[in-house]
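Laboratory data are not the source of any read-out in this text; all were calculated from the coordinates shown. This is a predicted model, so every value here is computed, not measured. As a convention, Cβ positions derive from the backbone with ideal geometry for all residues, glycine included, and neighbour counts pool all protein chains shown.
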Amino acid sequence: MSPRFGSLLPLFAIRRIVLAQVAALVAVLCCLVPLEWAGWQELRKDGADWTVWLISLNVETWLILMLPYFWLVRRPFWSPPGRWWIVLRDWWLASPRFNEVVGSSSFDTNSSRVIRRGTVLAMVMIAATSLCVSGRVGMHRVGNQQQYRFAELPPAYHDEYSYLFQARTFLAGRWSYPSHPTAARLFDQMHVVNEGRFASRYFPGTGLFIAPWLWLGCPLLGYWLAGAATCVLVFGIGRELSNNGTGLIAGMLTALSPGMALFGNLMLAHHPTLLGVLGFAWCFLRWQRRGRLTDIALAGVGLSWAMLCRPMTAAGFALPFGIWFGWRLLKSWRARPVLMWRAAFGLVVPLAVGFSILAAQNDAITGDWTKSPYQLFTETYTPRHGYGFNNVIRGEQHLGPKVLDNYDRWAENLTPALAVTNAKNRLLASWQWTLGLIPLLAATVVFTLTGNDRDRRCRLIFAAILSLFAVHVPYWFDGMFQWHYVFETGPLWCLLLATVVDSLGREWLIETNPHVRMPVWLTALVFSAMWANHMEFGLTESQSKLLAGADQIAFSRLRYQAFDELLAREIGVGPALVLIEADPADRHIDYVVNEPSLSAPILRGRFPVADWPLERIAASFPDRTLYVFHAKSRTLRRVF
């Protein structure tokens with residue numbers, strides 16, 4: 001290397017963060033300018049002038065227009081009080097990696113005690129915020145007369161009913177129930193295997209999570225608490241990667257994420273999975289710092305739990321960590337191999353236990369320890385929904401008599417073009433439902449261009465985001481709200497944004513002539529996104545993104561509620577069998593939902609079913625009154 005070139009490297013390192021800020025600004029303008037131009041064109045068609053257009057500009061656009069002021073004016077808004085400012089600075093910069101606070105000359109035993117108390121207070125504040133936001137969704141009133149609270153309604157998605165089915169099976173001390181001995185086809189239920197054994201298609205972790213809360217009669221409370229614990233774990237990961245301030249920002253952003261709150265009111269696998277993967281990440285990062293066997297063993301427990309909930313997500317999240325771990329294992333072959341092999345043992349043992357549980361479930365339900373109920377359900381009922389490219393073409397070669405034809409035909413054939421579209425939709429939706437498009441786009445650009453300016457372990461978090469997206473590319477459906485397959489990236493995006501906010505804030509403030517107003521501008525940018533997520537706009541009668549999402553989910557919940565009320569009003573306590581003729585135009589509301597024991601006073605069956613006319617059904621269930629419900633017209637009539 002020439003001396004001249006070597007002398008340029010420090011200069012490039014100094015200016016790289018400036019280049020990153022410019023690149024982020026260009027990326028944001030590339031999004032905002034076409035958006036505002038399209039708005040101007042629409043207003044011109046309506047005869048509005050430029051003043052109306054200015055008033056209608058997005059908040060982010062106004063902040064971009066004000067950016068030169070915040071960048072050029074160096075005078076502070078106010079002078080912080082000395083003592084409390086030092087205490088706050090000490091706490092913000094404190095990190096588990098160091099025994100003293102960076103940049104503080106006043107660190108002593110008393111400061112350490114204050115920092116510990118502040119850390120506990122931050123965790124309580126983050127958890128409380130998460131519970132409040134989740135509770136706000138749960139208490140949101142829906143319906144024509146606003147007569148229902150969101151959390152009091154039945155579940156909305158097929159998957160939720162399957163997880164509840166699984167939890168009830170586990171509460172009975174079983175892996176599965178036997179299928180109905182003579183009329184099993186009447187009780188085919190979405191996402192429930194019914195081939196000799198009657199069981200949920202899903203992996204056992206979510207059912208195990210729901211079971212104790214269902215037994216207590218408050219399953220959603222478990223999800224609210226899981227959301228709060230998730231946010232606290234994000235705080236812990238932020239502290240490990242940077243400092244208390246980064247953890248606080250990341251934890252609060254996660255707690256205020258509209259997607260987290262919405263899915264915290266759905267009985268799906270995402271929140272239990274988050275507990276596993278974030279617990280794994282936190283313990284793994286602690287092990288990297290401390291090298292303790294207990295840390296890596298707990299990381300293995302977290303990953304094993306996530307695998308029992310959503311194996312593909314667990315694998316995608318952990319892949320970068322696994323590659324790093326394998327590289328270190330090979331690298332330590334000659335130097336201190338015992339410590340690394342002990343760590344490998346501590347990581348692998350919990351995973352082996354998890355795989356054993358999955359094998360036991362497979363054997364109990366499918367009769368083959370290598371074949372999961374998930375695979376059996378797909379092959380039997382929805383072959384077009386398979387994983388991989390050309391799923392429809394491959395699935396049509398294996399159609400059988402038990403295929404749920406209308407639901408199965410929902411699948412689109414996955415091509416490279418569709419895969420790219422899905423990936424784009426998932427990325428945009430994950431930004432929008434985590435915080436907002438503009439802040440996270442800017443943070444991603446800055447993070448990518450300044451990766452060497454912070455703890456290199458941050459790269460594992462960014463790599464986990466990329467890996468989670470990559471493993472779901474070969475699936476035809478982009479997901480609920482166009483993102484639920486990559487839902488677990490939400491807290492990771494918050495961590496990425498928090499590290500960028502901390503890095504930029506310190507860069508702006510430690511210069512000789514600091515940009516003291518830029519942290520205020522960046523705070524306003526993030527706050528503007530949170531405002532749109534949580535606040536209603538009375539002048540324009542616009543709902544917040546959070547409650548608009550709740551109303552979208554409530555549509556299905558209200559339909560299920562109306563059906564339950566119809567049965568209670570027209571049938572009473574039973575015993576009865578209600579045969580449900582599905583609406584072909586509505587694939588996503590299926591009223592065939594039963595207890596796993598098929599012993600409820602009112603059973604719900606599928607109709608019509610081949611070789612099962614009404615007379616035969618009536619003869620097979622002589623002790624039950626027979627009804628037919630037409631889902632399209634929403635009418636119920638007694639037939640026997």
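Each listed q (0.11, 0.15, 0.16, 0.18 Å⁻¹) maps to a log10 I(q)/I(0) for region 263-325 from the Debye sum over equal C-alpha point scatterers, namely -0.24, -0.43, -0.48, -0.59. Here Lys545 is the anchor, and the lysines within straight C-alpha reach of less than 22 Å, apart from those fewer than 8 places off in the same chain, are Lys424. From its DSSP helices (H runs of at least four residues, each -39,500 (n - 2.57)), the chain gives a residue-normalised ellipticity at 222 nm of -21000 deg cm²/dmol.
Modelled this way, with points 7 Å down the Cα-to-C-beta line, the labels at Asn513 and Ala618 are 9.3 nm from one another.
Provide the gained length on full extension for the span Leu67 to Cys30, in nm with one decimal, where the gain is 0.36 nm per separating residue minus the Cα-Cα distance.
Numbers: separation 37, 0.36 × 37 = 13.32 nm, distance 1.61 nm.
My answer for the length gained is 11.7 nm.
Can you compute the FRET efficiency between Trp341 and Leu171 using 1/(1 + (r/R0)^6), with r the Cβ-Cβ distance and R0 = 35 Å? Round to the nearest 0.05. Spell out each step's value before the answer.
Details: r = 41 Å, r/R0 = 1.16.
That pair, Trp341 with Leu171, gives E of 0.30.
One compactness figure for region 119-245 is 1.37, namely its Cα radius of gyration divided by 2.2 N^0.38 Å. The share of Cα pairs per 10 Å bin across region 537-603, counted from zero up to the longest distance, runs 16, 37, 25, 14, 7, 1 percent.
Measuring nothing but how far apart in sequence close Cα pairs (under 8 Å, 6+ apart) lie, relative to its length, the chain scores a relative contact order of 17 percent.
Order 207-213, 197-203 from most to least packed using the mean count of other Cβ atoms within 10 Å.
Details: 207-213: 21.1, 197-203: 25.3.
Packing order, densest peptide first, comes out as 197-203, 207-213.
Along its principal axes, the chain has C-alpha extents of 91, 76, 50 angstrom, given from the largest down. Amide H to amide H, with H built 1.01 Å from N, Thr625 comes under 5 Å of Ala576, Leu577, counting only residues 5 or more places away or on other chains.
Say R0 is 60 Å: what FRET efficiency, to the nearest 0.05, do Val349 and Gln397 get from their beta-carbon distance?
Details: r = 41 Å, r/R0 = 0.68.
Computed FRET efficiency for Val349 and Gln397: 0.90.
Summarising the amide proton neighbourhood of Thr450: residues at separation of 5 or more, or on other chains, whose placed amide H is nearer than 5 Å comprise an empty set.
Quote the FRET efficiency, to the nearest 0.05, computed for Val473 versus Arg290 with a Förster distance R0 of 35 Å and r equal to the Cβ-Cβ distance. With R0 = 35 Å, the Cβ-Cβ based efficiency is 0.45. The 3J(HN,Hα) values that the Karplus relation (6.51, -1.76, 1.60; θ = phi - 60°) gives for region 192-207 are, in residue order, 10, 6, 9, 10, x, 10, 9, 7, 5, 6, 8, 6, x, x, 5, x Hz. Gly and Pro appear as x.
Over all alpha-carbon pairs in region 501-640, figure out the percentage whose distance exceeds 28 Å. Could you put the intermediate results ahead of the total?
Working: 4786 of 9730 pairs.
Every Cα pair in region 501-640 considered, those over 28 Å come to 49 percent.
Couplings 3J(HN,Hα) for region 307-321, derived from phi with the Karplus relation 6.51 cos²θ - 1.76 cosθ + 1.60 (θ = phi - 60°), are 5, 6, 9, 9, x, 5, 5, 4, 5, x, 5, 7, 4, x, 5 Hz, where x marks Gly and Pro. Taking Cα atoms only, the orientation of helix 219-241 departs from the longest principal axis of the chain by about 30 degrees.
Taken over region 215-372, the percentage of Cα pairs per 5 Å bin, counting from 0 up to the bin with the maximum distance, is 2, 9, 14, 18, 18, 16, 12, 7, 3, 1, 0, 0. Taking a straight line from the alpha carbon of Lys402, these lysines sit under 28 Å away, with near neighbours fewer than eight places off in the same chain left out: Lys371, Lys632. Label-to-label distance for Ala23 and Asp564 is 5.2 nm, based on points extended 7 Å past Cα in the beta-carbon direction. Remark: C-alpha extents of region 420-534 on the principal axes read 53, 33, 19 Å, sorted largest to smallest. Sequence-ordered 3J(HN,Hα) estimates for region 558-571 from the Karplus curve with 6.51, -1.76 and 1.60 and θ = phi - 60° stand at 5, 5, 5, 4, 4, 5, 4, 5, 4, 5, 5, 6, 8, 10 Hz, glycine and proline given as x.
Under the simplified labelling scheme, the Asp363-Trp333 pair shows an inter-label distance of 3.6 nm, with each label point 7 Å from Cα along Cα→Cβ.
Between Asp551 and Asp49, what length comes free when the chain is fully extended (0.36 nm per residue of separation minus the Cα-Cα distance, one decimal in nm)?
Working: separation 502, 0.36 × 502 = 180.72 nm, distance 3.45 nm.
That works out to 177.3 nm of additional length.
Ellipsoid semi-axes for region 312-449, based on the Cα gyration tensor and the rule √(5λ), read 35, 29, 13 Å when sorted largest first.
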